[in-house]
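One structure is given below, encoded as structure tokens.
Only the coordinates and a few stated rules stand behind these numbers; no lab work does. All values reported here derive from a predicted model rather than from experimental measurement. Cβ coordinates were reconstructed from backbone atoms using ideal geometry, including for glycine residues, and neighbour counts include every protein chain displayed.
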Amino acid sequence: MTGPIRVARIDLDAIARNVETLRSRVGTERAMIVVKADGYGHGAIAAARAGLAGGADWIGVADLGEALELRGAGVTAPVLAWLHSSAEDFTVAAEAGIDVGVSSIVQLDRAVAAGVASVHLKIDTGLARNGAQPSDWPEFFEHAVRAAAKGVRIRGLFSHIANAGVEADAAQVAAFERALALAESLGLEFELRHLAASASALRIPEARFDMVRFGLASYGLSPFADETGSELGLTPALELSSEVIAVRRVPADTGVSYGYRYRTPRETTLALVPLGYEDCLPRAASLSAHLLVGDELAPVAGSIAMDQLVVDVGDRPVKVGDRVVAFGDPATGAPTMDSWADAAGTINYEVTTRLGRRVERHYTGG
Ligand SMILES: Cc1ncc(COP(=O)(O)O)c(C=O)c1O
């Protein structure tokens with residue numbers, strides 16, 4: 001019998017509760033759970049269902065492929081997809097009843113020609129990614145008015161905030177309001193005006209409008225460096241665990257793992273854990289991350305490899321089969337995903353979305 005060597009425990013009730021908490025905190029008419037990138041590593045379909053159970057009205061994804069995966073699994077809730085290739089086949093969106101975010105007149109025309117029933121106009125208010133630029137707004141909106149006259153539903157106006165500081169973010173809110181006034185003066189009426197994702201939804205009340213789009217925070221993670229998920233009243237939904245698969249006692253000054261970037265400071269016990277950077281533990285975190293081994297934290301010793309890492313457990317009687325938690329709910333004593341992101345000089349978004357394919361997903365709740 002083979003046992004799972006690497007396990008991601010995903011708590012669907014935590015996702016539902018997080019969405020419920022976030023929703024009541026922002027008090028908007030509508031809320032979206034964003035499940036792009038396989039639900040930030042949690043599984044898009046399961047996360048979408050949990051988000052809906054927690055009171056989300058909409059599901060957000062980047063690509064149409066991600067939207068179709070939801071429809072294929074029988075998710076019938078409203079879905080919005082906003083990032084498209086130059087040759088995107090919008091007929092699939094039309095057939096599957098997916099709302100399409102369009103960033104240009106060309107995309108709008110192609111979506112309308114494909115029979116898409118409902119679109120959201122995406123405008124750039126200062127992120128300089130996709131979305132129509134301010135100089136194009138008048139023509140973009142006039143085009144949308146003509147599409148509406150032909151029966152296409154121009155359901156939403158939306159944009160995305162750069163989280164670049166109080167002033168820059170406020171300037172984006174102001175730009176969004178200007179765009180809105182212009183669009184309305186041309187005769188457009190939107191059911192859904194939406195600008196804020198997790199960070200701006202939580203900290204900028206003026207950015208909330210009709211709907212907020214919660215990605216990261218739905219999964220119990222904080223978008224802020226100065227406030228943790230727990231402080232926001234959220235529970236991390238993902239725990240990555242494994243076990244000790246080998247133990248060795250080594251003398252002082254033993255070089256460990258590739259490049260000997262760690263040398264044991266004294267005689268000690270090294271425990272081998274079959275988790276590596278393929279599983280989302282960044283190699284850049286090698287010299288400062290910790291894992292929970294049994295009931296105590298132990299530092300990573302040397303370079304994290306693709307499939308495995310070594311921890312220095314000192315003189316503790318650690319043995320093969322002992323449980324190891326890389327990250328999870330800090331209430332259980334586990335390191336946080338944020339601690340890994342910090343150790344690697346990256347953000348929790350990057351760690352969670354990199355959960356490797358071979359990690360077994362075990363779902364609880366839901
Ligand atoms: C347009 C849009 N809305 C919402 C989100 C969700 O952002 P967050 O995970 O910060 O809540 C994203 C993610 O990048 C996005 O691109």
- line: Karplus ³J(HN,Hα) for the stretch 16-24 (6.51 cos²θ - 1.76 cosθ + 1.60, θ = phi - 60°; Hz, whole; x = Gly/Pro) runs 4, 5, 4, 5, 4, 4, 5, 4, 5
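When you have a sec, figure out the Kirkwood radius of the stretch 1-51 from all distinct Cα pair distances and drop it here in Å to one decimal?
On the way: mean 1/r = 0.0816 Å⁻¹.
So the Kirkwood estimate lands at 12.3 Å.
Compute the relative contact order of the chain as a whole-number percentage, counting only Cα pairs closer than 8 Å that sit 6 or more residues apart in sequence. Please list the in-between numbers first.
Numbers: 838 pairs, mean separation 66.3, N = 366.
Result for the chain is 18 percent.
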task: Report the charge-dipole magnitude of the stretch 82-234 in Debye, nearest 20, computed about the Cα centre from +1 at each Lys and Arg Cβ and -1 at each Asp and Glu Cβ.
output: 260 debye
- prompt: With the Cα gyration tensor of the stretch 12-219 giving a ≥ b ≥ c as the square roots of its eigenvalues, does the rule (a/c under 1.5 for rounded; else a/b larger than b/c for prolate; else oblate) give rounded, prolate or oblate?
  reply: oblate
query: About its Cα centre, what dipole magnitude does the stretch 104-177 give when the only charges are +1 on Lys and Arg Cβ and -1 on Asp and Glu Cβ, stated in debye to the nearest 20?
result: 460 debye
query: Once all Cα-Cα distances of the stretch 97-179 are split into 5 Å bins that start at 0, what whole-number percent is in each one?
result: 3, 16, 27, 22, 15, 10, 5, 2, 0
field: Computed over the stretch 238-364, Cα set: Rg, Dmax in Å
entry: 13.7, 44
- request: Name the long-range amide H neighbours of Cys280: under 5 Å, sequence gap of 5 or more, or other chain; modelled H, no Pro or chain starts.
  value: Gly356
- request: Write out the trypsin sites (Lys or Arg not before Pro) in the stretch 104-164 meeting two conditions: DSSP loop, and at most 14 other Cβ atoms within 10 Å of their Cβ.
  value: Arg129, Lys150
statement: Most fluctuating of Val92, Val35, Val325 in the GNM of the chain (C-alpha, under 10 Å) is Val92
Helix 137-149 vs. the chain, principal-axis angle (Cα, 0 to 90°, nearest 10): 70 degrees
- request: Would you work out which of Leu182, Val325, Gly255 lies farthest towards the positive end of the dipole of the chain, given +1 charges on the beta-carbon of Lys and Arg and -1 on that of Asp and Glu, about the Cα centre?
  value: Gly255
query: In a GNM of the chain with a 10 Å cut-off on Cα contacts, which of Glu142, Glu66, Glu267 has the highest mean-square fluctuation?
result: Glu267
- request: Quick one: what are the phi-derived ³J(HN,Hα) couplings along the stretch 302-316, Karplus 6.51/-1.76/1.60 with θ = phi - 60°, whole Hz, x for glycine and proline?
  value: x, 5, 6, 9, 4, 10, 8, 8, 10, 10, 9, 9, x, 9, 5
- line: Within the set Ala237, Ala252, Ala341, GNM on the chain using Cα springs under 10 Å gives the largest fluctuation to Ala252
- request: Would you please name the GluC sites (Glu not before Pro) within the stretch 158-235 that are DSSP coil residues with at most 10 other C-beta atoms within 10 Å of their C-beta?
  value: Glu189, Glu231
field: Amide H contacts of Ala301 (H built 1.01 Å from N, under 5 Å, at least 5 apart or other chain)
entry: Val310, Val311, Asp312
query: If we restrict to alpha carbons, what Rg and Dmax does the chain come to, in Å?
result: 23.3, 79
